[in-house]
Structures are given as C-alpha cells and as structure tokens.
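J.: Provided herewith is a single structure, encoded as structure tokens, for subsequent inquiry.
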Ligand code: FES
C-alpha cells in the first residue's frame, strides 16, 4: 500500500504544439514513478498519435452525408413508397397522402401551396431529430463535420471550448423527449411488419404470407428497436430516473436489458441507419418494377 505519497515537479518538455509534463511520485522518500501528462495540442490537426486517426471521422462524414442526401431526396419523391402490403419506413405512418395506408385521407388543404407535399416530410423530422441528438451520433458528427476535435487528442480549429452548456448545443438536451417519440415509432413500425404479412388474395381480401420485403421490414424494426431501447436517456428512465438504479425488480431487470443494448449502441446506431435506408430502397425498387419481391410463404 502506498503511504505518505508526495508529488514533485513538474518538469516540462516542449515540442512544437505540445507540452509534456512530468510529475514524480515519492513515497517515504523513495522515488516510485513518473507520470507523463501530454497537454492538449495547440494547432488544428496536430497530434502525437501515430495511427490513422482520420479514417473514422472521414468514414462518418461520407456515410452520414450520403444518408442525409438520400433521405432528403426520397422524402421529396412522394412516390414509390409502398408496394403491396409494404410501406417504406421513411413514410411510416402515412398521416395524409394518396395511399391506402393514409390515416386521415389525401393531402390536407392547410398544406402551404408553395411547399411540395410529401407524407414523409411530416414524419422524418421526429426519427431524424432523435438520431441527430443521440449521444453517440453527437460524438461522431462533432468530430466528422466540425472537427471539434477531429479525433481524441488531435488539435481542433478553435481555442474556446463551450461544450453543450450554451446555445445552441444546449438544445441537444431535448434528446430525452425524443426518446419517448422514438418508442412510439417502434410500435408503429412493428405494426407495419404485421401488415406486411397480409397480401392481396386476388378476390378483394387478404391472405397470410411472408415475402422478402416482410423480412426486410422485420429486420429493420428489430435493429431500430435495439438502437432505441439502448438509448442512454432510456437507460436513465428504465433505471428509475434517480441517481441510483431502482430497487424495483422490474425496473432493475429493464435496466439490465437496456444496459446490455447500450453496450452495443454504436453498432445498432449504424446497423439501423443502413437498414432503414435499405428498407426504403427495397420498397422503392419493387414499386418501380426494378426488383421483384419473392414470396417465401
Ligand atoms: S443516446 Fe443514442 S439514441 Fe439516445
């Protein structure tokens, strides 16, 4: 056991852009250890890291940008978002629109004439903002899109660090409320999977069946649920909303479940991003006649 520990120092070494501080630990007068602390790099992109630290932010930048471009394009199409019993998750649920899935009928009269109408424009902001404010995605796109910092221990292009305590980033705290909305979407998307099991029977009714599209929508909702229920805010809620885990056996079991999903939150964040885009592409290409949907049952 260490007793009478004394810190001596520091001695300072300077290299371009970095400061290395050595602290010496003594116990009972005997030298024990040197702690080397590397101060934050000063210049943009400066680092002592020798690995390819820039590959992850670059990949994140390319994938996120591609997803945003595709999702925006798809949302404005207002076409090819359903095929048979399948509904694209970008358009689910259809509140208003020219679709048999529409809850309240065709395009509402209050919709601004100057704005192109699409059912997806009423829906996508909610899951979009849930992802935008997600703790994992924040860490990823802060690095990839505005280099704050570009990676751990790599110099950033600004001197002042404000964190998320001031406007506008303090608004990211709304994430906990979007979690509740995201849970509703998991229920709605699960219901769409149920509907995707019932195919037209040619006599005006429906019959049970399973197509590849059913499986695509099913995998998508499983991945989205795994991402949603592993949310850090959800973990706090399931844990009892206190600073310690609830003593209730039910809440404690829920906390353990959400914690196990939370450990793979990054994985589910990426997989569900790909699956939701692929589900839209699948329905779109089937609807356009480019792909054929195979019936398994
Ligand atoms: S922290 Fe990622 S979804 Fe809540």
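The values are calculated or read from the model by the stated rules, or taken from the named source; none is laboratory data. Remember, predicted model here, so these are calculated numbers, not experimental data. Methodologically, a virtual Cβ is constructed for each residue, glycine included, from the backbone with ideal geometry; neighbour enumeration extends over all protein chains shown.
J.: Looking only at the stretch 132-150, which residues are touching a helix residue (DSSP H, G or I) at 6+ places or on another chain (Cβ under 7 Å) and in a helix (DSSP H, G or I)?
T.: Hits for the stretch 132-150 are 135, 136, 137, 138, 140, 141, 143, 144, 145.
J.: Filter the helices (runs of 4 or more DSSP H) completely within the stretch 195-297 down to those with at least 3 residues that are modelled with pLDDT of 95 or more. Show your work before the answer.
T.: Details: elements: 212-228, 232-238, 249-262, 265-287.
Where helices (runs of 4 or more DSSP H) fall fully within the stretch 195-297 and carry at least 3 residues being modelled with pLDDT of 95 or more, they are 212-228, 249-262, 265-287.
J.: Now for a different question. So which residues in the stretch 132-168 are more than 15 Å from the ligand (Cβ to nearest atom) and either touching a residue at least 40 places away in the same chain (Cβ under 8 Å) or closer than 23 Å to residue 227 by Cα (or both)?
T.: So the first thing to find is which residues in the stretch 132-168 are more than 15 Å from the ligand (Cβ to nearest atom), and the list is 143-163, 165-168.
Residues satisfying the conditions are 143, 144, 145, 147, 150, 151, 152, 153, 154, 155, 156, 157.
J.: Right, another one. Can you work out which of the residues in the stretch 163-184 that are out of contact with any helix residue (DSSP H, G or I) (no Cβ under 7 Å at 6 or more places or on another chain) and assigned to a helix (DSSP H, G or I) is surrounded by the most Cβ atoms within 10 Å (Cβ to Cβ)?
T.: Within the stretch 163-184, the first condition is being out of contact with any helix residue (DSSP H, G or I) (no Cβ under 7 Å at 6 or more places or on another chain), and the residues that meet it are 163, 165-171, 173-174, 177, 180, 184.
Of the ones still in play, those that are also assigned to a helix (DSSP H, G or I) are 169-171, 173-174, 177, 180, 184.
Numbers: 169: 15, 170: 12, 171: 10, 173: 11, 174: 13, 177: 13, 180: 12, 184: 11.
My answer is 169.
J.: So in the stretch 240-257, with the set limited to residues that are surrounded by fewer than 20 Cβ atoms within 10 Å (Cβ to Cβ) and within 16 Å of the ligand (Cβ to nearest atom), which one is nearest to the chain's Cα centre (by Cα)? Steps first, please.
T.: Pass one, the stretch 240-257, residues surrounded by fewer than 20 Cβ atoms within 10 Å (Cβ to Cβ): 240-254, 256-257.
Among the residues that remain, those that are also within 16 Å of the ligand (Cβ to nearest atom) are: 241, 254, 257.
Details: 241: 22, 254: 21, 257: 19 Å.
Checked the stretch 240-257; the qualifying residue nearest to the chain's Cα centre (by Cα) is 257.
J.: Quick one: how many residues across the stretch 260-276 are touching a helix residue (DSSP H, G or I) at 6+ places or on another chain (Cβ under 6 Å) and away from the ligand (no atom under 12 Å from the Cβ)?
T.: Going through the stretch 260-276 one residue at a time, the tally reaches 3.
J.: From the list 76, 104, pick out the single residue that is more than 23 Å from residue 225 (Cα to Cα), surrounded by fewer than 16 Cβ atoms within 10 Å (Cβ to Cβ) and within 25 Å of the chain's Cα centre (by Cα). Give the derivation first.
T.: Values: 104 fails: within 25 Å of the chain's Cα centre (by Cα).
One residue alone meets the criteria, 76.
J.: Is at least one residue of the stretch 189-208 closer than 12 Å to residue 89 by Cα, within 16 Å of the ligand (Cβ to nearest atom) and in contact (Cβ under 8 Å) with a residue 12 or more places away in the chain?
T.: Checking the stretch 189-208: at least one residue is closer than 12 Å to residue 89 by Cα, within 16 Å of the ligand (Cβ to nearest atom) and in contact (Cβ under 8 Å) with a residue 12 or more places away in the chain.
J.: Six or more apart or on different chains, Cβ under 7 Å: which pairs go from a residue in the stretch 226-244 that's more than 13 Å from residue 175 (Cα to Cα) and assigned by TED's automatic domain parsing to the domain that holds residue 131 to one that's more than 11 Å from the ligand (Cβ to nearest atom) and in a loop (DSSP other than H, G, I, E, B)? Could you list them?
T.: Qualifying pairs under 7 Å: 230/264; 239/245; 239/246; 240/246; 240/248.
J.: Would the stretch 205-217 turn up any residue that is assigned by TED's automatic domain parsing to the domain that holds residue 102 and within 25 Å of residue 125 (Cβ to Cβ)? Quick ask: steps written out before the conclusion?
T.: From the stretch 205-217, those assigned by TED's automatic domain parsing to the domain that holds residue 102 are 205-217; that's our starting set.
After this cut, where a residue has to be within 25 Å of residue 125 (Cβ to Cβ) as well, the list is 216-217.
Within the stretch 205-217, one or more residues are assigned by TED's automatic domain parsing to the domain that holds residue 102 and within 25 Å of residue 125 (Cβ to Cβ).
J.: Also: Looking only at the stretch 122-131, decide whether some residue is in a loop (DSSP other than H, G, I, E, B), within 30 Å of residue 195 (Cβ to Cβ) and in contact with a strand residue (DSSP E or B) (Cβ under 8 Å, 6 or more places away or on another chain). Spell out how you get there, then give the answer.
T.: First pass over the stretch 122-131, keeping only residues in a loop (DSSP other than H, G, I, E, B): 124.
Right, trim to within 30 Å of residue 195 (Cβ to Cβ) and you get 124.
With in contact with a strand residue (DSSP E or B) (Cβ under 8 Å, 6 or more places away or on another chain) added as a condition, the list becomes none.
The answer is no, given that none of the residues of the stretch 122-131 is in a loop (DSSP other than H, G, I, E, B), within 30 Å of residue 195 (Cβ to Cβ) and in contact with a strand residue (DSSP E or B) (Cβ under 8 Å, 6 or more places away or on another chain).
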